[in-house]
Amino acid sequence: AQSVTQLDSQVPVFEEAPVELRCNYSSSVSVYLFWYVQYPNQGLQLLLKYLSGSTLVKGINGFEAEFNKSQTSFHLRKPSVHISDTAEYFCAVNLRDNQGGKLIFGQGTELSVKP
Amino acid sequence: DAGITQSPRHKVTETGTPVTLRCHQTENHRYMYWYRQDPGHGLRLIHYSYGVKDTDKGEVSDGYSVSRSKTEDFLLTLESATSSQTSVYFCAISPRTSGAGDTQYFGPGTRLTVL
């Protein structure tokens, strides 16, 4: 069975500091990888996704993530965070041959950016 | 933003009563999903639909049923609500034009409290 583990439930960071949110997955078959962001009292929106090709993926709002197949990781990074990045971030996987498109989500990481 | 609305946005009900949540889309997307979000669990798939009258179970389907009589509407029914179904429910849609790598677009959520 597939699973996703987000290694930190909460990450406090000061404004303009770099941040890394960690995500590891477990799967015996090839997967697609996603990062979604949820701002307070809102639904989720896609930050970025890895389908194939370059292992470094750039997304919206200055975020990027690197797919590491050998370590089964897909960590999210931003070199300088803003107060407006305060939100909950979810890593998710989908099997490449999954006809149902059933995303499997991690537990979420709350990013709190302090002035 | 994808045209997805959920109704109601908030609901308080009593144990044992039936509850129906509605998801409406204006994007004509083929796939629709219902997730629940609980602290420490991320989002978990309840049911999904891959076309009118075509539905399938997700990870946490017990106690829930769904119906899709039109492309634009996907209903989630709790036949007899229990306190364990207190949660935030999200609807998502996906065009499924490129398979399992498609982005899912999320609605604003419905906060359900079962007393």
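The values are calculated or read from the model by the stated rules, or taken from the named source; none is laboratory data. Treat the numbers as computed from the prediction; the structure is a model and nothing was measured. Positions of Cβ are generated from backbone atoms using ideal geometry, with glycine treated the same way; all protein chains shown enter the neighbour counts.
Could you say whether any residue in the stretch A:2-15 is of a type in the set (Phe, Trp, Tyr), closer than 22 Å to B:Thr103 by Cβ and in a strand (DSSP E or B)? No - not one qualifying residue is present in the stretch A:2-15. When B:Phe90 is tested against the conditions (1) among the aromatic types (Phe, Trp, Tyr); (2) more than 26 Å from B:Thr13 (Cα to Cα); (3) at pLDDT 95 or above, the lone failure is (2). Candidates are the residues of the stretch A:23-47 that are of a type in the set (Phe, Trp, Tyr) and part of a strand (DSSP E or B); the one that is surrounded by the most Cβ atoms within 10 Å (Cβ to Cβ) is A:Phe34. Against the definition (under 22 Å from B:Thr103 (Cα atoms) and either among the charged types (D, E, K, R) or in contact with a Cys (Cβ under 7 Å, 6 or more places away or on another chain) (or both)), how does B:Arg30 come out, yes or no? Yes: the conditions hold for B:Arg30.
Any residue at all in the stretch B:13-29 that is modelled with pLDDT under 95 and in a strand (DSSP E or B)? No - not one qualifying residue is present in the stretch B:13-29.
The rows are residues; the columns are (1) more than 19 Å from A:Phe105 (Cβ to Cβ); (2) within 14 Å of chain A (Cβ to nearest Cβ); (3) among the aromatic types (Phe, Trp, Tyr).
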site: B:Asp54; (1), (2), (3): yes, yes, no
site: B:Ser65; (1), (2), (3): yes, no, no
site: B:Glu72; (1), (2), (3): yes, no, no
site: B:Ser80; (1), (2), (3): yes, no, no
site: B:Cys91; (1), (2), (3): no, yes, no
site: B:Ala100; (1), (2), (3): no, yes, no
site: B:Gln104; (1), (2), (3): no, yes, no
site: B:Pro108; (1), (2), (3): no, yes, no
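The single residue among B:Thr86, B:Thr82, B:Thr97, B:Thr55 that is surrounded by 14 or more Cβ atoms within 10 Å (Cβ to Cβ), farther than 19 Å from B:Gly109 by Cβ and of a type in the set (Val, Ile, Thr) turns out to be B:Thr55. Please work out which residue is surrounded by the most Cβ atoms within 10 Å (Cβ to Cβ), limiting yourself to the stretch A:1-22 and to residues that are of a type outside the set (A, V, I, L, M) and within 14 Å of A:Phe74 (Cα to Cα). Only one residue fits best here, namely A:Gln6. Does at least one position in the stretch B:48-57 carry a residue that is modelled with pLDDT of 95 or more, closer than 17 Å to B:Thr103 by Cα and not basic (Lys, Arg)? Scanning the stretch B:48-57, I find no residue that is modelled with pLDDT of 95 or more, closer than 17 Å to B:Thr103 by Cα and not basic (Lys, Arg), so the answer is no.
Filtering the stretch A:26-74 to residues that are farther than 22 Å from B:Tyr35 by Cβ and facing chain B (nearest Cβ under 9 Å) leaves only A:Ser52.
To keep it simple, each residue is scored yes or no on (1) more than 14 Å from chain A (Cβ to nearest Cβ); (2) over 24 Å from A:Asn94 (Cβ atoms).
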{"site": "B:Thr20", "(1), (2)": "yes, yes"}
{"site": "B:Tyr50", "(1), (2)": "no, no"}
{"site": "B:Leu76", "(1), (2)": "yes, no"}
{"site": "B:Gln85", "(1), (2)": "yes, yes"}
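Scanning the stretch B:60-73 for residues that are closer than 18 Å to B:Ser87 by Cα and either loosely packed, with under 14 Cβ neighbours inside 10 Å or touching a Phe, Trp or Tyr at 6+ places or on another chain (Cβ under 6 Å) (or both) yields a single hit, B:Asp62. A:Ser112 meets each of the listed conditions (1) of a type in the set (Gly, Ala, Ser); (2) touching a residue at least 40 places away in the same chain (Cβ under 8 Å); (3) within 11 Å of chain B (Cβ to nearest Cβ) apart from (3). Taking the criterion of being in contact with a Lys or Arg (Cβ under 6 Å, 6 or more places away or on another chain) and under 17 Å from A:Ile60 (Cα atoms), the only residue of the stretch B:97-115 that qualifies is B:Asp102.
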